[in-house]
Amino acid sequence: MAELIVYGIVLGSIIALGAIGLSLVYGIIRFANFAHGDLMSAGAYVALFMVTGVLSWIGVPDNTFGPISFGWRMVIAFPISMAVVAVVAILMDRILYQKLRTKGSGPVMLAMSSLGAAFIIRMIILILWGADSVFYHPGMMRMFLHLPLGIKIRPDQILILIIVALLFMLLHLFLKNTKMGKAMRATADNMELALISGIDTGRVIIWTWGIGGALAAAAGILYGIDVQLHPGMGWNFLIPLFAATILGSIGNIYGALIGGLTIGIAQQVSTAYLMPTYKLAVAFIIMILILLIRPKGIFGGSGR
């Protein structure tokens, strides 16, 4: 059971990273982006293209770092993939969502448009890479570290926790200490008042989509490192992402972190009693219970 909890923390940290981006977008734009999970897939596959394609062609060595399953190619590909998906997210808003908002389209129309965008992203991945599951480093031997209580954990998983903690801390410092971060918080509290106060809300929205896309890409890459890549991975994450966002209170990045860890642990622990295929059902049940018992989430509102 202790080992399942540890694995749940690893999975939950990945869910949390995606949920933070989703929560940011909803908190500022009031928009439930159903394409967010597929942005995770996009980030993972852009990194795959960099690792096995571009960086391989130009001769970047890929010797692994000790027990870690990747090397310099992934180190270079990681931030590039985050930047690429950030640009994709911004373009999606400029080309599609912004025009719908300008026309006064309601939440249902925006949600359906994001669902269509999700299908488009997934179809592009299927066309370019096919439907098979792939690995960043196929056939790589995976070393386990043995911890107390019979817990076995891979060095990759420890690194995933460190990267998630680092990205979350950087986001926290950005929102608390930078001019744009403060503008984002003000816009999330009241967009009309922020606009009257002289804040460029259009620029805030661009930053919001960029950060949300970058975090989604990071989550997708980390999941690919931990498990594998397949075109439907982002879609499978959609319910856990929304469950974590709702559980932690929509618009609250700290709540999204707690919600993601909670969902991840619940999903992994459930495998001790249920088949692994039921993990998504566990996330869905938690989401429904929260909506019924505490619709505003465990933090009861925004905590920006």
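We did not get these values from a lab; they are worked out from the coordinates using the rules stated. Remember, it's a predicted structure, so these values are computed and weren't measured experimentally. Cβ sites come from the backbone with ideal geometry, for glycine too, and all protein chains shown count toward neighbours.
Rounded to the nearest 20 debye, the dipole magnitude of the chain is 620 debye, with +1 charges on Lys and Arg beta carbons, -1 on Asp and Glu beta carbons, and the Cα centre as origin. Between helix 2-29 and the chain there is an angle of about 30 degrees, using the helix long axis and the longest principal axis of the Cα atoms.
When you restrict to C-alpha pairs under 8 Å that are six or more residues apart and normalise by the size of the chain, the relative contact order lands at 37 percent. Result for the chain in a Gaussian network model with C-alpha springs under 10 Å: among Thr271, Thr208, Thr245, the largest mean-square fluctuation is at Thr271. The residue among Val84, Leu274, Ser114 whose Cα reaches farthest toward the positive pole of the charge dipole of the chain, with charges on the beta-carbon of Lys, Arg, Asp and Glu, is Ser114. Seen against the Cα atoms of the chain and their longest principal axis, helix 179-189 is set at about 70 degrees.
Between 0 and 90 degrees, the angle of helix 279-293 with respect to the longest Cα principal axis of the chain falls at about 30 degrees.
For the range 192-198, backbone phi angles converted through the Karplus equation (6.51, -1.76, 1.60; θ = phi - 60°) give residue-by-residue couplings of 5, 5, 4, 5, 5, 6, x Hz, Gly and Pro being listed as x. Simple point charges give the picture: +1 on the Cβ of Lys and Arg, -1 on the Cβ of Asp and Glu, and for the range 1-104 a dipole about the Cα centre of about 560 debye.
In a GNM of the chain with a 10 Å cut-off on Cα contacts, which of Phe284, Phe78, Phe65 has the highest mean-square fluctuation? Fluctuation is largest for Phe65. Over the chain, DSSP H runs of length four or greater, each weighted -39,500 (n - 2.57), average out per residue to a 222 nm ellipticity of -22500 deg cm²/dmol.
Would you work out which of His137, Ala165, Leu147 lies farthest towards the positive end of the dipole of the range 134-188? Charges go on Cβ: Lys and Arg +1, Asp and Glu -1. Positive-end residue among those listed: Ala165. Exposure proxy for Leu145, Leu222, Leu159: other Cβ atoms within 10 Å of each Cβ, ordered fewest to most, give Leu145, Leu159, Leu222.
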